[in-house]
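Enquirer: Below is a structure I'd like to ask you about.
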Amino acid sequence: MKTLIELFETSVGKYADRPLMWEKIDGKYEAFSFKHLHDEVCAFGAGLISMGIKKGDRIGLIAEGRVDWLVSELGIFYAGAVNVPLSIKLDAGTEIAFRLKHSGSRMVIVSWTQAEKVEAILKDLPQIEKIIYLDAISEDAPHRIQFKTIKEAGRKYLEDEKNLKTFESIWRGVEPGDLANISYTSGTTADPKGIMLSQYNYAENVRQANTLMSITPDYKTLTILPWDHSFAHTACLYCFMYNGASIAGQEIGKTPLETLKNIPKNINEIKPDIMMSVPALSKAFRKNIETGIRAKGKTTEKLFNLALKTSYAYNGLGFNRGKGFRILLKPLVKLFDKILYSKIRANFGGNFKFFIGGGALLDIELQRFFAAIGMPVMQGYGLSEASPVISSNSLDAHKFGSSGKLVKYMDLKICDDNGKELPPGEKGEIVIKGGNVMLGYWKNEKATAETIKDGWLYTGDMGYMDKDGFLYVLGRFKSLLIGNDGEKFSPEGIEEALVDQSPFIEQCMLYNNQNPYTTAMIVPNIQNLNRELESRVIKPGSGEGLRVAIEVIQKEIDAYKQGGKYEGMFPVRWLPTTWIILPESFNEDNHLLNSTMKMVRGKIMEYFADELKFLYTGEAKNIYNEKNLERLAKWYA
């Protein structure tokens with residue numbers, strides 16, 4: 001299996017009448033078989049050829065996950081062309097325009113929710129010949145064409161035997177080294193990089209990923225992550241296709257919020273076996289579960305907390321679940337599963353087995369929580385430059401806090417600053433080699449040469465391998481805190497602990513770039529602060545209220561220092577000495593969060609440059625400084 005076309009053709013041959021896709025149509029999920037989608041793909045691919053699309057041409061695709069997204073991508077491949085998948089969360093002005101210009105896309109495929117963005121910038125994109133509408137077009141124009149019109153043209157094109165032979169020679173002539181996608185990074189600097197992934201990169205990564213866990217043809221998944229993202233793209237779409245399993249698209253609402261609210265309903269309709277998740281989604285699921293438990297009253301809440309405590313002890317670190325003294329807890333865990341956990345899982349359709357976690361490392365406490373209730377998150381690791389899967393935990397090999405075992409058919413080493421390989425247990429840069437390593441960055445030879453050396457991909461991530469063969473990922477080198485003595489430390493663990501264990505801190509980013517001490521930028525949870533103040537009979541937003549709220553936040557940070565309840569969890573030198581309240585949150589609108597809800601550190605540092613400068617002044621060491629009082633007051637304005 002050397003190309004995605006070969007993968008699809010093989011699966012169609014094996015699973016022709018089985019459902020590959022499920023989509024909500026007129027209020028009900030309908031199944032679309034492998035054979036049906038193959039017919040659609042051929043029609044669209046032939047239609048593109050009839051419009052003059054040639055081998056190697058680029059076509060942009062900006063739409064929500066749905067049947068036509070997959071038909072579009074595969075149809076592009078069958079025409080010998082290259083898909084440029086774009087996030088629906090990108091703005092029209094600079095983000096979409098840059099990617100379409102930089103990739104040299106001849107056409108762009110859009111859903112009804114995204115069409116306006118592309119229409120607004122069309123005058124700045126002279127190379128775009130057609131906008132292909134997946135949905136109905138309200139008014140006709142020379143640059144617009146409907147998706148169904150191209151498929152109709154494709155079917156007519158294939159009626160001619162000569163054209164049929166031409167079409168077959170084109171798709172059969174797609175080579176393993178041919179470009180499949182130009183997948184753009186989120187762009188923590190001004191210009192995002194276009195990751196070039198070949199047909200072979202994807203096909204090989206599907207083969208590699210399948211060495212970690214088994215997916216059977218009866219499995220179903222509901223995709224709630226964006227399909228342009230390499231994690232959902234490979235680990236979901238093509239891994240499920242390879243195994244004859246089926247994929248349901250999320251029901252798209254009239255607004256992003258409506259789409260989000262459809263998730264619980266869609267889960268119960270599809271009854272998925274597994275789902276892909278990122279930390280932001282896992283946190284939201286846990287919050288909803290705990291809210292439901294609290295709603296049932298204090299007795300149920302206390303029982304649930306006891307159940308968690310028991311299950312945590314029984315599960316250990318995952319790999320030693322139920323071993324040694326833990327076997328004594330098995331009857332209690334089974335009881336709690338029957339009276340509590342099974343009811344929670346019923347809200348996920350009743351068939352749910354596990355999540356596959358990616359995007360960023362999930363906090364170990366959250367991993368313990370989901371394992372306890374019988375819906376473990378199998379944390380994995382990868383990056384788009386690696387197509388993206390590098391490692392993952394599985395039901396057979398699971399260790400909390402790790403990113404799991406490595407895929408087969410790939411080499412990995414941990415290197416020091418000089419490129420020397422380090423032994424197990426020592427921290428350094430994660431470096432990999434295999435068929436999943438990208439071809440390079442589109443039109444960026446310098447960045448390619450810096451990232452790929454002698455066939456080895458230097459990931460930019462710090463980590464180590466333990467004695468049991470589990471990979472631990474400690475964070476991006478570019479994100480590391482660097483002390484004035486050159487010592488480095490990954491901030492993610494501290495940031496997650498402050499946010500997850502404090503009800504009063506909504507978001508937090510630490511900073512230290514060879515400075516005498518570490519600082520923090522904090523987004524407060526105003527709702528919870530207000531509850532705390534009201535319980536003390538203090539008016540929120542008043543002068544006294546502002547000072548007490550600042551004291552409450554300081555107490556949360558002090559909990560990790562000497563004498564605090566979390567003492568010893570982190571080295572004291574990396575805890576924030578000074579901190580500042582920010583006037584707004586990190587979100588997608590201000591581009592301080594990317595599409596997987598991860599902080600875009602470079603942009604945050606640039607956006608709040610004045611705040612970072614202030615944090616290294618003497619005034620900042622007084623927590624009641626003017627800036628903290630002013631910014632906290634803004635949350636009440």
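Coordinate-derived values only; no laboratory data. Predicted model, so just to flag it, every value in this text is computed and none were measured. Backbone-built Cβ (ideal geometry, glycine too); neighbour counts: all protein chains shown.
Enquirer: Provide the FRET efficiency to the nearest 0.05 for the Leu257-His143 pair, computing r from the beta carbons and using R0 = 45 Å.
Expert: Plugging the Cβ-Cβ distance into 1/(1 + (r/R0)^6) gives 0.90.
Enquirer: In degrees from 0 to 90, rounded to the nearest 10, what is the angle of the helix 279-295 Cα long axis to the longest principal axis of the chain?
Expert: Here the helix axis deviates by roughly 60 degrees.
Enquirer: Contour minus end-to-end for Ile482 and Lys54, with contour as 0.36 nm per residue of separation and end-to-end as the Cα-Cα distance?
Expert: 149.1 nm
Enquirer: Then there is this: Among Met569, Val333, Phe504, which residue has its Cα positioned farthest towards the positive end of the charge dipole of the chain, with +1 placed on the Cβ of Lys and Arg, -1 on the Cβ of Asp and Glu, and the dipole taken about the Cα centre?
Expert: Val333
Enquirer: Computed from the mean reciprocal separation of all distinct C-alpha pairs, what Kirkwood hydrodynamic radius does the chain have, in Å? Kindly include the intermediate steps, with their values, before the conclusion.
Expert: Values: mean 1/r = 0.0380 Å⁻¹.
Radius from the Kirkwood sum: 26.3 Å.
Enquirer: Another one. Can you tell me how the stretch 298-354 classifies by the Cα gyration tensor, rounded, prolate or oblate, using a/c under 1.5 as the rounded cut?
Expert: Oblate, since a/c reaches 1.5 and b/c is not below a/b.
Enquirer: Once you have the Cα-Cα distance between Gln527 and Glu168, take 0.36 nm times their residue separation minus that, and quote the gain in nm to one decimal.
Expert: Contour length minus the Cα-Cα distance gives 123.1 nm.
Enquirer: Same structure, new question: So how strong a dipole does the chain carry about its Cα centre when Lys and Arg Cβ are +1 and Asp and Glu Cβ are -1, to the nearest 20 debye?
Expert: Result for the chain is approximately 1800 debye, rounded to the nearest 20.
Enquirer: Now for a different question. Give me the number: length gained by fully extending Ser214 to Ala295, i.e. 0.36 nm times residue separation minus the C-alpha to C-alpha distance, one decimal in nm. Could the numbers behind the result be given before it?
Expert: Values: separation 81, 0.36 × 81 = 29.16 nm, distance 3.72 nm.
Value of the extension gain: 25.4 nm.
Enquirer: Let me ask something else. How far is it, in nm, from the label point at Lys453 to the one at Lys338 when both lie 7 Å from their Cα along the line to the Cβ?
Expert: The modelled label-to-label distance comes out at 6.0 nm.
Enquirer: Next up: Among DSSP bridges having both ends in the stretch 480-634, what percentage is antiparallel? Round to the nearest 5.
Expert: Percentage antiparallel, nearest 5: 60.
Enquirer: Turning to a different aspect of this structure: Percent of alpha carbon pairs in the stretch 273-478 separated by more than 29 Å? Walk me through the numbers before you get to the answer.
Expert: Details: 7191 of 21115 pairs.
Tail fraction, whole percent: 34.
Enquirer: Does the stretch 325-378 classify as rounded, prolate or oblate by the C-alpha gyration tensor (a ≥ b ≥ c root eigenvalues; a/c under 1.5 gives rounded; else a/b over b/c gives prolate, otherwise oblate)?
Expert: oblate
Enquirer: How long are the three semi-axes of the equivalent ellipsoid for the stretch 480-634, computed from the Cα gyration tensor as the root of 5 times each eigenvalue, in whole Å, largest first?
Expert: Result for the stretch 480-634: semi-axes of 24, 18, 16 Å.
Enquirer: Extending each Cα 7 Å along its Cβ direction at Lys330 and Tyr517, get the distance between those two points in nm, one decimal.
Expert: A separation of 5.3 nm, rounded to one decimal place.
Enquirer: Considering only DSSP beta bridges with both partners in the stretch 11-115, what is the antiparallel share in %, to the nearest 5?
Expert: Approximately 45 percent, going by the DSSP bridge assignments.
Enquirer: Still on this structure: At a Förster distance of 30 Å, what's the computed FRET efficiency of Asp135 paired with Asn587, Cβ-Cβ distance as r, to 0.05?
Expert: 0.60
Enquirer: Taking a cut-off of 14 Å between Cα atoms, list the aspartates and glutamates near Lys302, but don't count ones fewer than 8 places away on the same chain.
Expert: Counting by Cα, and skipping residues close in sequence, Lys302 has these aspartates and glutamates nearby: Glu290.
Enquirer: Treating only the Cβ atoms of Lys and Arg (+1) and Asp and Glu (-1) as charged, compute the dipole magnitude of the stretch 354-499 about its Cα centre; round to the nearest 20 debye. Walk me through the numbers on the way to the answer.
Expert: Numbers: 15 positive and 21 negative charges, 83 e Å.
My answer is approximately 400 debye.
Enquirer: First obtain the Kirkwood hydrodynamic radius of the stretch 370-428 from its Cα pairs, then insert it into the Stokes-Einstein equation at 10 °C and 1.306 mPa s, and state the resulting D in µm² per second as a whole number.
Expert: 121
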